[in-house]
Amino acid sequence: LTEVYSSSPALGRYFRSAQVISFSNESSTVIYQLVFSVPPSTEGFMENNMNPDFIRNILRQNIYDED
């Protein structure tokens, strides 16, 4: 995750770290925390760039690009 987000053109300058919070071997589920350092809120920045769907789609696109 660190490489994915730090190299992202959209989020790389804001990304600081990724940490695993919880891991389950039974269900292969990982809960992680992403830390971003964002500038003072500008119109639409948090709604667009820091939108959970947008952040998730950056990871999803990286996975697709590797195939």
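The values are calculated or read from the model by the stated rules, or taken from the named source; none is laboratory data. Just so it is clear, the structure is predicted and the values come from calculations on it, not from any experiment. Note that we place each Cβ from the backbone using ideal geometry, even for glycine, and neighbour counts take in every protein chain shown. Remember, those area values only see protein heavy atoms, side chains included, never the ligands or the DNA or RNA. Shrake-Rupley method; radii C 1.70, N 1.55, O 1.52, S 1.80 Å.
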Check your understanding: For the range 28-48, which residues satisfy the criterion of being of a type outside the set (A, V, I, L, M, F, W, C) and in a strand (DSSP E or B)?
Key -> 29, 32, 33
Review point. From 30, 20, which residue is surrounded by 11 or more Cβ atoms within 10 Å (Cβ to Cβ), of a type in the set (Val, Ile, Thr), in contact with a strand residue (DSSP E or B) (Cβ under 9 Å, 6 or more places away or on another chain) and modelled with pLDDT of 90 or more?
Key: 30
Review point. Do we have any residue at all in the range 39-57 that's open to solvent by 90 Å² or more (accessible area, probe 1.4 Å), under 19 Å from residue 1 (Cβ atoms) and under 9 Å from the mean Cα position of the chain (by Cα)?
Key: yes
Check your understanding: Under the condition of being part of a strand (DSSP E or B) and open to solvent by less than 80 Å² (accessible area, probe 1.4 Å), which residue from the range 1-17 is nearest to residue 46 (Cα to Cα)?
Key -> 15
Study note, to complete from the structure: With the first residue restricted to the range 44-64 and required to be closer than 17 Å to residue 12 by Cβ and of a type outside the set (Val, Ile, Thr), and the second required to be open to solvent by less than 70 Å² (accessible area, probe 1.4 Å) and in a helix (DSSP H, G or I), Cβ contacts under 7 Å at 6 or more apart or on different chains are 59/4; 62/4
